[in-house]
Amino acid sequence: MNVHITGSGSYIPTERITQSYFNESIFFDENGNKLPFSNEQIAQKLFEITGIEERRYASPDLCASDMGFLAAQKAIENAKINSEELDYIIFAHNFGDVKYATTQSDVLPSLASRVKHKLQIKNPKCVAYDILFGCPGWIEGVIQAQAYIKAGMAKKCLVIGSETLSRVVDIHDRDSMIYADGAGASIVEGKETNGGILAHESASFTYEEAYYLFYGKSYNPAKQDDTCYIKMHGRKIYEFALKYVPQAMKNCLDKANVPIEKLKKVLIHQANAKMDEAILKSFFKLYQKSIPEDIMPMTISKLGNSSVATIPTLYDLLVKGELEPHQIKQGDVLLFASVGAGMNINALVYQY
């Protein structure tokens, strides 16, 4: 029994946010000092570092579970299954449902339960739960789904990654320009066919690195309330990713017993274009190989960093031929990799 992704779907929000959206923002540093640059200069510098030109925000009527449901519907339809056949619904997120113009997280009931309710699944043996694993959450959900299937506890699982980061950012922190919203979903299923998931690798670094991403107060010294927002030590995250992610990718590919020459595409979490390029370079350097052309499809320039949604969205667009010039065919080997809050890392080798 091999474990395959038999269907995929994504929801890309309709609110297109360009750099001009931030023209009237007032940015401070972590010490409460106003940044001595124009907003145009700040936006340009961010673009040079991250490659982000635009990002998508959820419309006011949608929360993370709503977008997850929309992506799930597409994945179920794409897999040509009945939703009542699902044994597990695993929903990866980090902040729950955050309603528009609020910052309070709502996870009662779980987002997976909300999606199961929206799908109108009656089967009580379809188990619905959430997973908090930072940006690598969707990959970890797929790894868990594979474990259930391999253990004979499930035949079909729905794995969702959805987030509305735009609703948990400090508008006075320039890092807020990086974050975006979105959702991706996949059907993970056991099949008596070749290919599927060949290997996986996961790790949590918490001894020194646990709080590289954290919840903190606004950088605006005039805001005295207790509201907290997503914050990060960007340089530390960059250095951490460069140190550990390439090796995790290599460990996973070696475990799959796949020569690097057979690798068709590398799908890395879309957090920072420069960081992803550096990770890819370091990864191929471990094999003393040059980087093949068009091996790493990217969405960050137009979609920004939507956390757990970036990789399932990237995968969905890739398999549906919407990321020119990137194409894949049956038998192609893909390597997924992600890094995020926790600090967590994972990788997965998949034969399409």
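Figures for the structure shown
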| quantity | calculated |
| --- | --- |
| Members of the stretch 12-43 that are part of a helix (DSSP H, G or I) and under 20 Å from Y219 (Cβ atoms) | Q19, Y21, F22, N39, E40, Q41, I42, A43 |
| The stretch 147-173, subset crowded, with 22+ Cβ neighbours inside 10 Å, in a helix (DSSP H, G or I) and not hydroxyl-bearing (S, T, Y), residue farthest from the chain's Cα centre (by Cα) | I149 |
| Looking only at the stretch 45-95, and only at residues there that are hydroxyl-bearing (S, T, Y) and modelled with pLDDT of 95 or more, the one that is farthest from A147 (Cα to Cα) | S59 |
| Hey, Y215 touching a Cys at 6+ places or on another chain (Cβ under 8 Å), free of Cβ contacts under 8 Å to residues at least 40 places away in the same chain and either not aliphatic (A, V, I, L, M) or not in a loop (DSSP other than H, G, I, E, B) (or both) or not | yes |
| Odd one out for T164, checked against (1) free of Cβ contacts under 8 Å to residues at least 60 places away in the same chain; (2) in contact with a helix residue (DSSP H, G or I) (Cβ under 6 Å, 6 or more places away or on another chain) | (1) |
| Residues satisfying the stated conditions in the stretch 287-330, i.e. among the hydroxyl-bearing types (S, T, Y), more than 21 Å from E77 (Cα to Cα) and within 17 Å of the chain's Cα centre (by Cα) | T299, S301, S306, S307 |
| The listed residue being of a type outside the set (G, A, S), under 25 Å from T18 (Cα atoms), touching a strand residue (DSSP E or B) at 6+ places or on another chain (Cβ under 7 Å) and in contact (Cβ under 8 Å) with a residue 24 or more places away in the chain, out of M296, M275 | M296 |
| Condition met for K99 (modelled with pLDDT of 95 or more, surrounded by fewer than 16 Cβ atoms within 10 Å (Cβ to Cβ), of a type in the set (K, R) and closer than 18 Å to I187 by Cα) | no |
| Conditions (1) in a loop (DSSP other than H, G, I, E, B); (2) surrounded by fewer than 20 Cβ atoms within 10 Å (Cβ to Cβ); (3) in contact with a Lys or Arg (Cβ under 9 Å, 6 or more places away or on another chain); number of the one not met by Q104 | (3) |
| Any hit, the stretch 60-79, residues being under 26 Å from K274 (Cβ atoms) and either touching a Ser or Thr at 6+ places or on another chain (Cβ under 7 Å) or not hydrophobic (A, V, I, L, M, F, W, C) (or both) | no |
| Residue in the stretch 50-73 that is surrounded by the fewest Cβ atoms within 10 Å (Cβ to Cβ), counting only those that are in contact (Cβ under 8 Å) with a residue 40 or more places away in the chain and in a loop (DSSP other than H, G, I, E, B) | P60 |
| Pairs where the first residue, in the stretch 220-241, is hydroxyl-bearing (S, T, Y) and the second is outside any loop (DSSP other than H, G, I, E, B), C-beta under 6 Å, 6+ apart | Y238/M275 |
| Complete set of residues in the stretch 74-96 that are surrounded by fewer than 24 Cβ atoms within 10 Å (Cβ to Cβ), assigned to a loop (DSSP other than H, G, I, E, B) and over 16 Å from the mean Cα position of the chain (by Cα) | K80, I81, N82, D87 |
| Residue list for the stretch 231-264, restricted to those being in contact with a Phe, Trp or Tyr (Cβ under 7 Å, 6 or more places away or on another chain) and of a type in the set (V, I, T) | I237, I260 |
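To keep it simple, each residue is scored yes or no on (1) among the polar types (S, T, N, Q); (2) in contact with a Leu (Cβ under 6 Å, 6 or more places away or on another chain).
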residue	(1), (2)
T14	yes, no
F22	no, no
I26	no, no
K34	no, no
I52	no, no
A58	no, no
S83	yes, yes
I90	no, no
Y100	no, no
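The values are calculated or read from the model by the stated rules, or taken from the named source; none is laboratory data. Bear in mind the structure is a predicted one, so any value in this text is a computation, not a measurement. Virtual Cβ from ideal backbone geometry, glycine too; neighbours counted across all protein chains shown.
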